[in-house]
Amino acid sequence: MAKQPIITVKNLVKKYGDFTAVNDISFEVYEGEIFGLLGPNGAGKTTTLEIIETLREKTSGEVTVNGFSVDKDEDGIKKCIGVQLQAAGYYPNLNLSELIVLFSGLYGVDKTPKEMLEKVALVEKAKAKYKDLSGGQKQRFSIATTLINDPKIIFLDEPTTGLDPQARRNLWDLIREIRDRGTTVVITTHYMDEAEVLCDRVAFIDGGHVIGIDTPDSFIDNLVATGFERKKQVKEANLEDVFINMTGKEWRPE
Ligand SMILES: Nc1ncnc2c1ncn2[C@@H]1O[C@H](COP(=O)(O)OP(=O)(O)OP(=O)(O)O)[C@@H](O)[C@H]1O
């Protein structure tokens, strides 16, 4: 079956004063995939993401999300996407259950804390405050909040930054489960290992330009076909494998 674009970005430009942060970017995200925006710090990933989420004004270009244009139907877009809040949005005196009730009310949906916390394996933390969670738990809770309005697309901006290897792998599994249940996932990262195992397709962004879009496998195969070889013989395992092997890959009660 032909892949259906659910997000279309065409000739997107964003200027901050004289500085062009996003310089004529075009790409499509297909329904049901995990799409990665990859690039170094300052490449323009967050700016691009926030324009698609209708959180930032673009300078020019066209952006369509689930058939809605960012110029004409911000509300239509807001209803079908899930966005992570900044940590400051999690009122410090409320526990996770109370936060889910609050967000459900804001979205006008009827979700129980149990059903949302179950999706991210945090039921046992229902009475905990956000600030008392570990880094991995904070990310999982934040992902739960993106799912409250049953969005068609969720946006995750560097979701695994600062997490330990178990928590990262655990979050990758969670993101794949969300994709497998039919939600499109757009993620930014500068971890190439993460993009390689997690993303169905990736776009490399550098200096405000898209410099390539493909599946991780195709990118690697095409590079190898040019005769590229890694300088050093790669070992069969790396230090992270050693660590995971010694400590186990189950999540810890964090
Ligand atoms: N509000 C702003 N005003 C001026 N310049 C900005 C603003 N927001 C971002 N920039 C600049 O635009 C460029 C792109 O920033 P952006 O945050 O989109 O990059 P990024 O790829 O997400 O980087 P990172 O990985 O560090 O988050 C950077 O040079 C940044 O300094």
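Since every read-out is calculated from the coordinates, none of them should be taken as a lab result. The structure presented is a predicted model; accordingly, all values stated were derived computationally and were not measured. Here the Cβ positions follow ideal geometry from the backbone for every residue, glycine too, while neighbour counts run over all protein chains shown.
Cross-link partners of Lys72 among aspartates and glutamates, defined as those whose alpha carbon lies under 16 angstrom from its own and excluding same-chain residues fewer than eight positions apart: Glu53, Glu57, Glu62. Near Tyr130: Cβ cut-off under 13 Å, other residues only, Lys/Arg at +1 and Asp/Glu at -1. The net charge is +4.
Would you mind counting up the charge near His190? Only other residues with Cβ under 14 Å from its Cβ, with Lys and Arg at +1 and Asp and Glu at -1. Write out the running numbers ahead of the final one.
Values: positive: Lys45, Arg168; negative: Asp157, Glu158, Asp193, Glu194, Glu196, Asp206.
Counting the neighbours of His190, the net charge comes to -4.
Give a quick list of GluC sites (Glu not before Pro) in the stretch 176-251 that DSSP marks as loop, anything other than H, G, I, E or B, with at most 12 other Cβ atoms within 10 Å. The partial results should precede the final answer.
Numbers: sites: Glu177, Glu194, Glu196, Glu229, Glu236, Glu240, Glu250; in loops: Glu229, Glu236, Glu250.
Passing both the DSSP loop test and the Cβ count: Glu229, Glu236, Glu250.
Dipole check for the stretch 121-254: with +1 at the C-beta of Lys and Arg, -1 at the C-beta of Asp and Glu, and the Cα centre as origin, the magnitude is about 520 Debye. Remark: the Lys10-Arg230 segment gains 75.7 nm on full extension, using 0.36 nm per residue and subtracting the alpha carbon distance. Pairs of Cα atoms nearer than 8 Å and 6+ residues apart set the relative contact order; for the stretch 120-254 it is 22 percent.
The dipole here belongs to the chain: it is taken about the Cα centre, uses +1 on the Cβ of Lys and Arg and -1 on the Cβ of Asp and Glu, and is about 500 debye. For Thr8, Thr64, Thr160, the sequence from fewest to most other C-beta atoms within 10 Å is Thr8, Thr64, Thr160.
Based on DSSP, what percent of beta bridges with both residues in the stretch 5-247 are antiparallel, to the nearest 5? Please report the intermediate quantities before stating the final value.
Values: 22 of 39 bridges.
Approximately 55 percent, going by the DSSP bridge assignments.
What's the percent breakdown of Cα-Cα distances in the chain across 5 Å bins, shortest bin first? Calculated P(r), rounded to whole percents: 1, 6, 12, 16, 17, 16, 13, 10, 6, 2, 1, 0.
What ranking do Cys80, Cys199 get, fewest neighbouring Cβ atoms within 10 angstrom at the top?
Values: Cys80 17, Cys199 23.
So the ranking, lowest neighbour count to highest, is Cys80, Cys199.
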